[in-house]
Structure formats: structure tokens, C-alpha cells
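Undergrad: Please find one structure pasted underneath; my questions will follow.
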Amino acid sequence: MRNKLLAIMLVISFSLTFLSLGRAVQDKRKVNELYKQVELFSDALSIIQTDYVEEVKPKELIYGALKGMLSSLDPHSQFLDPDTYNELKVDTEGKFGGLGIEITIKDGLLTVVTPIEDTPAWKAGIKANDRIVKINNDLTRDMSLTDAVKKLRGRVGEPVTITILREQEKKLMEFRIVRGVIKIQDIKEAKILEDKIGYIRLIEFRENTAQDLIRALERLKKEGMNALILDLRNNPGGLLDSAVQVAEQFLEKGKVIVSTKGRITSQNMSFSSNATNPIVDIPIIVLINEGSASGSEIVAAALQDYKRAIIVGTKSFGKGSVQTILPLQDGSALRLTTSKYFTPSNKVIHGVGVQPDIIVEEGKIELTQQEESIQQKNTLAPQQIFEQIEKKVENDKVIKEESYRTDNQLMRAVDIIKGIRLYQSIQKNK
């Protein structure tokens, strides 16, 4: 028996040894292949330095090679030279100069993820999924994200002309947009719409977003809020931690919100809800559209998977990969895709997006308005003119306060909440 056990142990030992040797041989082959390719790169670099028509600085050659290498991986990975890396640091502070659009490369084309609300691009009429064909007179076909950002940015007050292809309308459109200072406000609106229905428009996920959201929720609760519409339309995302902290405000403790999976163990992470006082007892509608990406998709998908909210609108953008900033020794950095997002039910977001529970296309509702025209002074007495001016000012105020009634998707969300309340009332009285 002892001999038999010893024999089994020896077999296992030899098997492990051969497995270990096999892995070592495989790793060695990979290293040898890498050195072989590095030698090829070195030869090409040497030839360019000696034979190219003009002398090029070694740093420029290496930077160019790094840009090409990173851009060949996926649309979101890129090499950041020191200046671009510093610009990225400024961006995270929530204030920068430019047009106010989030861009990516989609299907090989420079594409608008979303215009940021109340920025020059938003006011000019740029829309999510617009394809940027030209920036000034430069075609964008082979342009990297880094180069595109540099061309779009410039001095505040200076114009930039972009030509876009709007595929749904099958036409090219040219926009001349004056650059401005872009200030990001995480929460654009937080108010009671009607019938104690709260409304929060969240346009970015940044460092203080969760704290701002908690304060807004506390204020709305004091005003009697008993239902909530969370508007994530045209929200391009932002910080992963911030998105998790937003989602956990509406989920019970211990619920997995999102997980990330990559090639190495350290990239496999799971983020769970840990809020001290989450809101779990009121109906929630989440509004999304094709401009909702990354962090907004994480929030919408988590609340959808747990049936904590009804998702309304159109399918989201589908940007579900994680980019890690890895600084290099000379002040440059790599922006490298290291993993992908997965929803609590293990669905992939990247390239797929979040499908709404109820599809409602974007549109405007025409409101009928009965308003007396102000007549000429020679046909009305001064007191009548004054009364009509007062009435017009009051009408304008009401129209402004109730402008949400023209938003088709938002009004459908209001109707759905009213329907939920009616159903709950019927069930309660049975």
C-alpha cells in the first residue's frame, strides 16, 4: 500500500514538474519572440535615422511608434505625451477649454459619444453618434483620438469648423463653433416636477458626484419626494468609483453593482453596494439614450438587473471597457484598456449597450398656449397695456418652470410612475 502511494506521489510530482517545465518553455518562447520583434523594431529605427530624407529626433520617433502601437489595440487605448497627459489631469478637475464633446473612435470613424449640455457643441446642435469627417480642413479618417482632441481644443474665443456625417439623416453638415471654457456640473437639475415626483439630471461622474447626489436626494425628500426620475441621457460616464457610489444609493447593502475582468488576476474586481442609508422604497425611472455611456451604463444596468428601476429611452452607447492610466518616467503615460465591465447578471456592456425596458424615442411635445397679443399703444389704454405685459411675464415664467412637459421621454417616465402608483393602490385595496 505504502509503495503504491509512493508511486502515485512520484507520478504526480513528475506531472507537475513536466507542467512547470512546459510553462517555462512556453514563457521562454514568448520572450524569444518578443526579443525577435524588438530587434526588428530596432533595425527599422536605425534605418530611419540614417536613411530618412530629414533628420528626426529619437524621441519623436519613439513617441510616434508608441502612438501607433497603442492605437492599433482598440479605440480607447492611447499614448499620452506629457502635454496630453497634463491636459487629462486638468479634465478631471471639471474645467477645460474646447467645444464640449466627448469623442471616441467607433467602426474606424471619429464619433461623438455625446455633447456636454450647455456647451458650444450642445448649443450648435451636435448630437450623439455624429461622425466627425473633418476638423477645419483636415480629414479625420486616420486621425488618432489624441490628435483629434488637440485639433478641437485651442484658445477660448477662437472658432473651429467641423464637418459631420449624420447617418440617420444621410447628409453632411458643417458647424462653425467658437471654443469656450467648459465647466462640468455633475448635477444639472434637481427638483420636484409634479405629484411629488423627484427629478435629477446627472451629466457626469466625477469625484464629488455621489456627495452632490446625496445632498440633492436629501433636499428632495424634505420636499416630499416619493418617486424619482434619474436622467442619465447624454451622460458619457467618468470615474468608475463615482458610478458605483451613485448606484449604491438605490440598492440594499451587499449587492454587486459591477465587476471587471481582464487578463491578470489583479484586474478582476467586484464592486458592491455599501451605502449607509439607501433609498429602496420608492419607484425609480432611469432615462438613457445613445449618448449614455460607461458609468451611466453601469448605473442603469445594475438597477435594471435588480429590478430596482425601470429603464426608459433608447439603447445606450455601449462603452464598457476600463482604461487605466499608467505614467511613464518622462512624464508621458499609457492609457491602456485593461479590463471590461460586466453587469450583476454577468452581461457584457461593451459593444452591446443597455437595452431599455420601455423604448421611447426622443421627441418634443407641442403644447397649446393661449396668449393674448399685446396690441399697439394707440389702441389700448396704458393700464391695459401694463396688465397684458404682466400676464405675458407670468405666462413665460410658468412655461419655463414646466418646460419638461415638452420632453417626450421625460413625460413618458412621469406617466409610468403614475401608472405604478395606480397599480399599487389597486393592489392595496384588494
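The values are calculated or read from the model by the stated rules, or taken from the named source; none is laboratory data. This structure is a prediction, so every number in the text was calculated from the model and none was measured. Glycine also receives a Cβ, built like all others from the backbone with ideal geometry; neighbour counts cover every protein chain displayed.
Undergrad: Does ASP212 meet the test of being under 24 Å from LYS106 (Cα atoms) and not aromatic (Phe, Trp, Tyr)?
TA: When the stated conditions are applied, ASP212 does not pass them.
Undergrad: Look through ILE47, ILE12, ILE62, ILE8 and report the one residue that is over 42 Å from the mean Cα position of the chain (by Cα) and modelled with pLDDT of 90 or more.
TA: ILE47
Undergrad: I would also like to ask the following. In region 249-279, which residue that is within 19 Å of ILE349 (Cα to Cα) and of a type in the set (D, E, K, R) is surrounded by the most Cβ atoms within 10 Å (Cβ to Cβ)?
TA: LYS255
Undergrad: Scan region 140-163 residue by residue and report those that are under 30 Å from LEU334 (Cβ atoms), outside any helix (DSSP H, G or I) and of a type outside the set (D, E, K, R). Before you say what the answer is, go through the steps one by one.
TA: Within region 140-163, the subset under 30 Å from LEU334 (Cβ atoms) is 140-156, 160, 162.
If we keep only those that are outside any helix (DSSP H, G or I) too, we end up with 140-144, 153-156, 160, 162.
Scanning region 140-163 gives THR140, MET143, SER144, GLY154, VAL156, VAL160, ILE162.
Here's the yes/no breakdown for (1) of a type in the set (A, V, I, L, M, F, W, C); (2) in contact with a helix residue (DSSP H, G or I) (Cβ under 9 Å, 6 or more places away or on another chain); (3) farther than 16 Å from GLN323 by Cβ:
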| residue | (1), (2), (3) |
| --- | --- |
| LEU228 | yes, yes, yes |
| LEU240 | yes, yes, no |
| ALA247 | yes, yes, yes |
| GLY254 | no, no, yes |
| ILE264 | yes, no, no |
| ALA275 | yes, yes, yes |
| ILE279 | yes, yes, yes |
| PRO283 | no, yes, yes |
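Undergrad: On the basis of being in a loop (DSSP other than H, G, I, E, B), among the charged types (D, E, K, R) and modelled with pLDDT under 95, does ASP241 make the cut? Break it down into steps so the answer makes sense when it comes.
TA: Working: in a loop (DSSP other than H, G, I, E, B): no; among the charged types (D, E, K, R): yes; modelled with pLDDT under 95: yes.
In short, no.
Undergrad: Is region 164-176 home to any residue that is in contact (Cβ under 8 Å) with a residue 40 or more places away in the chain, under 27 Å from HIS350 (Cβ atoms) and in a loop (DSSP other than H, G, I, E, B)?
TA: No: zero hits.
Undergrad: Starting from region 305-333, take each residue that is farther than 25 Å from LEU80 by Cα and list its partners that are exposed (fewer than 14 other Cβ atoms within 10 Å of the Cβ), counting only C-beta distances under 6 angstrom and pairs at least six apart or across chains.
TA: ASP305/SER345; VAL312/ILE358
Undergrad: Considering each of PHE175, PHE205 in turn, give the residue that is surrounded by 16 or more Cβ atoms within 10 Å (Cβ to Cβ) and assigned by TED's automatic domain parsing to the domain that holds ARG131.
TA: PHE175
Undergrad: Let me confirm something: among ASP138, ASP147, which residue is closer than 27 Å to TYR63 by Cα, surrounded by fewer than 20 Cβ atoms within 10 Å (Cβ to Cβ) and free of Cβ contacts under 8 Å to residues at least 12 places away in the same chain?
TA: Numbers: ASP138 fails: free of Cβ contacts under 8 Å to residues at least 12 places away in the same chain.
Result: ASP147 is the single residue among ASP138, ASP147 that is closer than 27 Å to TYR63 by Cα, surrounded by fewer than 20 Cβ atoms within 10 Å (Cβ to Cβ) and free of Cβ contacts under 8 Å to residues at least 12 places away in the same chain.
Undergrad: I would also like to ask the following. Counting just the residues of region 178-187 that are part of a strand (DSSP E or B) and in contact (Cβ under 8 Å) with a residue 40 or more places away in the chain, which one comes out surrounded by the most Cβ atoms within 10 Å (Cβ to Cβ)?
TA: Looking at the filtered set, the residue picked out is ILE182.
Undergrad: From the residues in region 115-149 that are of a type in the set (D, E, K, R) and closer than 17 Å to THR104 by Cβ, which one is modelled with the lowest pLDDT?
TA: So the residue we want is ASP142.
Undergrad: Just to be sure, is SER42 over 21 Å from THR338 (Cα atoms), modelled with pLDDT under 90 and of a type outside the set (A, V, I, L, M, F, W, C)?
TA: Values: over 21 Å from THR338 (Cα atoms): yes; modelled with pLDDT under 90: yes; of a type outside the set (A, V, I, L, M, F, W, C): yes.
Against the criterion (over 21 Å from THR338 (Cα atoms), modelled with pLDDT under 90 and of a type outside the set (A, V, I, L, M, F, W, C)), SER42 qualifies.
Undergrad: For region 339-366, what are the residues that are in a loop (DSSP other than H, G, I, E, B), over 18 Å from SER292 (Cβ atoms) and at pLDDT below 90?
TA: ILE365, GLU366
Undergrad: Let me ask another. Search region 188-202 for residues that are outside the structural domain of ILE214 (by TED's automatic domain parsing) and under 12 Å from LEU410 (Cα atoms) and pair each with any residue that is acidic (Asp, Glu) and assigned to a strand (DSSP E or B) when their beta-carbon atoms are under 6 Å apart and the residues are at least 6 apart or on different chains.
TA: none
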